[in-house]
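Some notes on the structure that comes next.
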Amino acid sequence: MESCTKCGNPNVIIKRKASGQALCKDCFIESIEKKVKQTIKKENFIEKGDKVLVALSGGKDSVVTLEILNSYVKRHIIELCAVTIDEGIAGYREEGVEIAKAHAERLGIPHKVVSFKDSFGIDLDEIMKRENHRGSCTYCGVFRRWIINRAAREFGATKIATGHNLDDETQAILMNYLEGNMENLAKIGPKTESNSEMFTVKIKPLREIPEKEIGLYALAKGLDIHLAGCPYAQESFRMEISNILKDLSKDHPTIMYSTLRGFDKIRPAIRRELEHDYEFDRCERCGEPSSNRLCRACTFLEELGK
């Protein structure tokens, strides 16, 4: 029987194919926390006095993000707050919202729940019943960003932390490259900043942690998480890319790490070539920052007759 390569404990819970490392529960938890904190330090994600808003869905990624960032609260380095978005997906979102509320209460973190219905007068289920919709992920991404950015200003947050993991990042890199969406490719990275003060800086503390290890960390720590997957995700291009990457990873366990590291090396050149310094004004309808007459959220709402 294999023992933990760090402490010799015979109760191993993970064997990492990429490194050959075998770890017991305590050493695994320590390794995840150490890696996330290294990423936070390397990318200069947080500074003393920051107020960080966590986009808290109740799923494994956002709950683990909240849990690890809370260690900085305990050391009086940052403050935390959280927002949970109710997209209006019947039979799916309700459990996640309750789990998110419970975690915020457990840690004593200011928290609010904001719905698509209250914000836009329509929820995702209603949108998906329309014949000529753009696809669930298109609306969801734009509307969620609109809500999160507004919540950050209302909380007075200096940073927004999302639960994007290694799988998410490599999927986004591959998707945008294959679609030829170079402008979106230029925006992918550990930290998203804007020349508009109305946009809060976004950070991704988990971007170097594989999805399955985040799930195992939540399990090892006994964290309650929302396990159900979004019912609309199965139809998405992202899911197709996810399946391709998972298949490749079986025989090439380092493929996602190498994809991310390779992209990070060329990212500065891509940004210099493709990223524009947009002049942001205010959206005529909602007042949020926009480089056009209407922001994307309001453009979609206009299409939907809202």
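Tell me which residues come under 5 Å, amide H to amide H, from SER115 once H is placed; ignore anything under 5 positions away on its chain.
Amide H to amide H, under 5 Å and 5 or more residues apart or across chains, SER115 pairs with ASP86.
Where Lys and Arg each count +1 and Asp and Glu each count -1, what net charge lies around LYS15 among other residues with Cβ under 15 Å from its Cβ?
Taking every Cβ under 15 Å from that of LYS15, the sum is +4.
Can you tell me the equivalent ellipsoid semi-axes for region 44-109? Use √(5λ) from the Cα gyration tensor, largest first, whole Å.
24, 11, 9
Which three lengths, in whole Å and largest first, does region 81-235 cover when its Cα atoms are put on their principal axes?
Result for region 81-235: principal-axis Cα extents of 44, 36, 35 Å.
Please turn the phi angles of region 297-305 into ³J(HN,Hα) values with the Karplus equation 6.51 cos²θ - 1.76 cosθ + 1.60 (θ = phi - 60°), one per residue in order, whole Hz, x for glycine and proline.
Calculated HN-Hα couplings, in order: 4, 6, 4, 5, 5, 5, 4, 7, x Hz.
From the backbone phi of region 137-148, what are the Karplus-calculated ³J(HN,Hα) couplings (6.51 cos²θ - 1.76 cosθ + 1.60, θ = phi - 60°) in whole Hz, Gly and Pro given as x?
With the stated coefficients, region 137-148 comes to 5, 5, 5, 4, x, 5, 5, 5, 4, 4, 5, 4 Hz.
Principal axis lengths of region 129-188 from Cα atoms, whole Å, largest first?
Cα extents, longest axis first: 37, 32, 20 Å.
Multiplying the sequence separation of CYS137 and LYS35 by 0.36 nm and subtracting their Cα-Cα distance, what value in nm do you get?
Extra length available between CYS137 and LYS35 comes to 33.8 nm.
Which angle from 0 to 90°, rounded to the nearest 10, does the C-alpha axis of helix 255-274 make with the longest principal axis of the chain?
For 255-274 against the chain, the angle is about 40 degrees.
Below 14 angstrom from the Cβ of LEU227, what's the summed charge of the other residues (Lys, Arg +1; Asp, Glu -1)?
Value of the local net charge: -3.
Pairs to check: LYS60/LYS117; LYS25/LYS117; LYS17/LYS204; LYS74/LYS265. Give those whose C-alpha atoms are more than 30 Å from each other in this structure.
Cα-Cα > 30 Å for LYS25/LYS117; LYS74/LYS265; rest within.
Given SER258, CYS230, ILE99, which one lies farthest toward the positive end of the charge dipole of the chain, if we put +1 on the Cβ of every Lys and Arg and -1 on the Cβ of every Asp and Glu?
SER258
Under a crude label model (7 Å from the Cα following the beta-carbon direction), how far is THR192 from LYS48 in nanometres?
The two pseudo-label positions are separated by 3.0 nm.
For region 233-275 and region 1-59, what is the separation of their Cα centres, given in Å?
21
From zero outward in steps of 20 Å, how is the percent of C-alpha pairs of the chain spread across the bins?
The distribution over the chain is 30, 61, 9, 0, given as percents.
Relative to the longest principal Cα axis of the chain, at what angle does helix 93-107 sit, 0 to 90 degrees, rounded to 10?
Taking the Cα atoms of the chain, the angle to 93-107 is about 60 degrees.
With the contact rule set at Cα under 8 Å and sequence spacing of 6 or more, what percent relative contact order holds for the chain?
Relative contact order of the chain: 19 percent.
Please give, to one decimal in nm, the separation of the simple spin-label points placed at ASP251 and ASP224, each 7 Å out from Cα toward the Cβ.
4.4
Please build a GNM for the chain, connecting alpha carbons under 10 Å apart, and tell me which residue among ILE13, ILE209, ILE188 fluctuates the most.
Between ILE13, ILE209, ILE188, it is ILE13 that shows the largest mean-square fluctuation.
What distance in nm separates the simple spin-label points at GLU273 and GLU303, each placed 7 Å from Cα in the Cβ direction?
Label at GLU273, label at GLU303, 2.8 nm between them.
Relative contact order of region 1-133, please, whole-number percent, based on alpha carbon pairs below 8 angstrom and at least 6 residues apart.
16
Using 1/(1 + (r/R0)^6) with R0 = 22 angstrom and r between the beta carbons of ARG153 and ASN292, what's the FRET efficiency to the nearest 0.05?
0.60
Where both partners of a DSSP beta bridge lie in the chain, what percent of those bridges are antiparallel, to the nearest 5?
Around 30 percent of the beta bridges assigned by DSSP in the chain are antiparallel ones.
What FRET efficiency, computed as 1/(1 + (r/R0)^6) with R0 = 51 Å and r the Cβ-Cβ distance, is obtained for ARG16 and MET182, rounded to the nearest 0.05?
0.95
Which ³J(HN,Hα) values, rounded to whole Hz and listed in residue order, are derived for region 37-50 from phi using the Karplus coefficients 6.51, -1.76 and 1.60 in 6.51 cos²θ - 1.76 cosθ + 1.60 with θ = phi - 60°, glycine and proline given as x?
5, 5, 5, 4, 6, 4, 8, 6, 5, 10, 10, 4, x, 5
So if each residue of separation counts as 0.36 nm, and I subtract the Cα-Cα distance between GLU105 and VAL73, what length gain in nm does that give?
My answer for the length gained is 10.0 nm.
Laboratory data are not the source of any read-out in this text; all were calculated from the coordinates shown. Since this is a predicted model, take the numbers as computed values, not measurements. Methodologically, a virtual Cβ is constructed for each residue, glycine included, from the backbone with ideal geometry; neighbour enumeration extends over all protein chains shown.
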